[in-house]
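Have a look at the structure below before the remarks.
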Amino acid sequence: MKLNLMSSLATTALALGTTLMMAASASAASLFSFEATADFGPLDGQSFFGTVEFDDSGLTGSGNESVNLSSFNFDFLGTVFTEADDTFAVAQFSDGTFLGVDYVVDDFQLLAGFPSIADASFFYDLPTGIGSGGVTYTATPVSVPDPSMLGGLAVAGLVGLKMKRKAQTAAEASA
């Protein structure tokens, strides 16, 4: 009986610890959708859309900082570009405030805005000509487990242990 109780406690502790680690890692993710709109050149008036995700949990919130991208998808003229196409791409911050993404490939580049995200820009160089425009970013909520759910899991585990112990005690009494 003592071995079963220890095993149950270890299993409950492992499940709770795993859940807490998943919650901590989920809360560090930041996800933005963005729109690059050309306002000069042969693509004038056209918009292109993408998403970017990064972990900003290591930022100090002081001065200019950057973090690597964990995910990047941008559809430009029918080609989808990802984080693998620019391994040096980063999200830029100033005093903890997101300023945009620096991402450079042969056909285009996205540049973070300094001193403000409102200054984020988009440049392209195509056989038909060069052009530029602005980039707007919109934060997308990332689902984070509710802390009360973690407490509920712990209570449920303890109730389960108590019920199991009660059932074992009743079985031993009738034997």
Charge sum, other residues only, whose C-beta stays under 11 Å from Leu126's C-beta, Lys/Arg counted +1 and Asp/Glu -1: -3
Leu59 accessible area, 1.4 Å probe, all protein chains in place, Å² to nearest 10: 40 Å²
Radius 14 Å from Cβ of Thr136, net charge of other residues (Lys, Arg +1; Asp, Glu -1): -3
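Can you tell me how much longer the chain between Asp44 and Thr79 gets when fully stretched, taken as 0.36 nm per residue apart minus their C-alpha distance, in nm with one decimal?
Between Asp44 and Thr79, full extension yields 10.8 nm more.
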Karplus (6.51, -1.76, 1.60) ³J(HN,Hα), θ = phi - 60°, over region 51-59, in Hz, Gly and Pro reported as x: 9, 9, 9, 7, 9, 9, 5, x, 5
Cut-off 11 Å between beta-carbons: net charge of the residues surrounding Ala29, Lys and Arg +1, Asp and Glu -1: -3
Karplus-derived HN-Hα couplings along region 109-116 (A = 6.51, B = -1.76, C = 1.60, θ = phi - 60°), whole Hz, x at Gly and Pro: 8, 10, 10, 4, x, 10, x, 9
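The values are calculated or read from the model by the stated rules, or taken from the named source; none is laboratory data. The structure presented is a predicted model; accordingly, all values stated were derived computationally and were not measured. Glycine also receives a Cβ, built like all others from the backbone with ideal geometry; neighbour counts cover every protein chain displayed. Please note that ligands, DNA and RNA were not included when accessible areas were found on the heavy atoms of the full protein model with its side chains. Shrake-Rupley method; radii C 1.70, N 1.55, O 1.52, S 1.80 Å.
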